[in-house]
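*Asks:* Got a structure here, written out as structure tokens. Questions coming.
No value in this document is a laboratory result; all are computed from the given coordinates. Computed from a predicted model, the values in this text were never measured in an experiment. With ideal geometry, Cβ positions are generated from the backbone for all residues, glycine too; neighbour counts draw on all protein chains shown.
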Amino acid sequence: MRKKIIGRFALAATLVLVGAACGDKANTTADKAAAPSVTDASSVLLVTLDAGLKEHVYLAGLATENALGGRKAGFEAAAAALDENSVALSMAIGSVFGADAEKAFLPLWRSHIGFVVDYTSNFGNKAVQDKAVSDLLGYTETFGAFLNGAIPAVPKTAAADLVKTHILTLKDVIDAQQAKDYVKADSMLRTAAHHMGMISSALVDAIVKQFPEKFA
Amino acid sequence: MRGTRTPWLALVVLAAVAGACGRSDDGEPAAQRPAANAVSMSGFLFKPDALSVPAGTTVTWTNADDIAHTVTAGMPGTPSGAFDSGNKVKDETFTHTFSTAGSFPYFCNNHNGMRGEVTVT
């Protein structure tokens, strides 16, 4: 199972690298000279983390859309895939920061998904929804502290702000799904996914500086 | 050689006196508190997450994270009530003396993924 999960991310990273290499052949000589290397460790980490975080958003959107549409089997399948993604992200974290970080990351990451489920499942119960939002906002501080603990160069508040934007952009998706405004929901989903690129870039930039021996 | 023995003896006496006067958070003499029975709350984990101690041992938890954690006996959703530190912020400690034999799981009430266990023999 672990190999299967790692394999999925590795496949994604490989496809990007192969695509970059193949695309390079069609470019001019000037383009080839300017083409960035995508085989170094930092680029692979960026591709892996970026793919994983964006996959998280799309799978979450799929799960919430199925939940709001009353499609239990669809929701359960998406939720299972979302958890596979969570495990893969935890392994990516562990590959950089070690087994302890991997062990701590997974339940923390899963907890915010639980709050999202609480929000999605309670559109008829404002008190429960408000609590879910409160829990999610509290989570931004928690995860900010976790990231800052692992990557001291990323301030706790900055990390919390990145997570908060993730939470709020995903909330926009869910609200639009609930309103059955699918054009808006899908547009918000792209926005939410693109924002994950900001998170992955910020994290990888700091990680590379923190571990120059691994990413030189 | 005779001249060096007395200063060492004085140091041993002084250490014993200082130990008798010192107190832990539980009021027990510091000299009787094993330094090894310490748990760190670090990186959103209890480290070590499994501790085995003889009955009568005082365990000390210290928060090394920049966020509040708790040391709550039981399992998430079903606290046992045996002990609960309440919120402890960075560098704050909590101590509990385990008087009876048994297994005592505990967790952080703010971050349910943080779990540990003390086994008392």
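Condition check ((1) farther than 24 Å from A:LEU162 by Cα; (2) in a helix (DSSP H, G or I)) across all residues:
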| site | (1), (2) |
| --- | --- |
| A:THR48 | no, yes |
| A:GLY70 | yes, no |
| A:ALA73 | yes, yes |
| A:ALA78 | yes, yes |
| A:ASN85 | no, yes |
| A:ILE93 | no, yes |
| A:GLU102 | no, yes |
| A:GLY114 | no, yes |
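*Asks:* For the stretch A:134-216, please list each of the helices (runs of 4 or more DSSP H) lying entirely inside it that holds at least 1 residues being crowded, with 19+ Cβ neighbours inside 10 Å. Give the steps one after another, and end with the answer.
*Replies:* Details: elements: A:156-178, A:182-210, A:212-215.
Filter on the stretch A:134-216 gives A:156-178, A:182-210.
*Asks:* Now, a different point. Quick one: in the stretch B:50-87, of everything that is closer than 14 Å to B:MET114 by Cβ and touching a helix residue (DSSP H, G or I) at 6+ places or on another chain (Cβ under 9 Å), which residue is farthest from the other protein chains (Cβ to nearest Cβ)?
*Replies:* Applying the filter and picking the extreme gives B:ALA64.
*Asks:* Here is a further query. Out of the stretch B:75-121, which residues are in a loop (DSSP other than H, G, I, E, B), touching a Ser or Thr at 6+ places or on another chain (Cβ under 8 Å) and at negative phi?
*Replies:* In the first step, residues of the stretch B:75-121 are kept if they are in a loop (DSSP other than H, G, I, E, B); the result is B:76-77, B:85-87, B:89-92, B:99-101, B:108-114, B:121.
Imposing the further condition that a residue be touching a Ser or Thr at 6+ places or on another chain (Cβ under 8 Å) reduces the set to B:85-87, B:91-92, B:101, B:108-113, B:121.
Hits for the stretch B:75-121 are B:SER85, B:ASN87, B:GLU92, B:ALA101, B:CYS108, B:ASN109, B:ASN110, B:HIS111, B:ASN112, B:GLY113, B:THR121.
*Asks:* Looking only at the stretch B:65-114, count every residue that is of a type in the set (Lys, Arg) and buried (at least 17 other Cβ atoms within 10 Å of the Cβ) and tell me the total. Reasoning before the result, please.
*Replies:* Filtering the stretch B:65-114 down to residues of a type in the set (Lys, Arg) leaves B:88, B:90.
Retained after the next criterion (residues that are buried (at least 17 other Cβ atoms within 10 Å of the Cβ)): B:88.
So the count comes out to 1.
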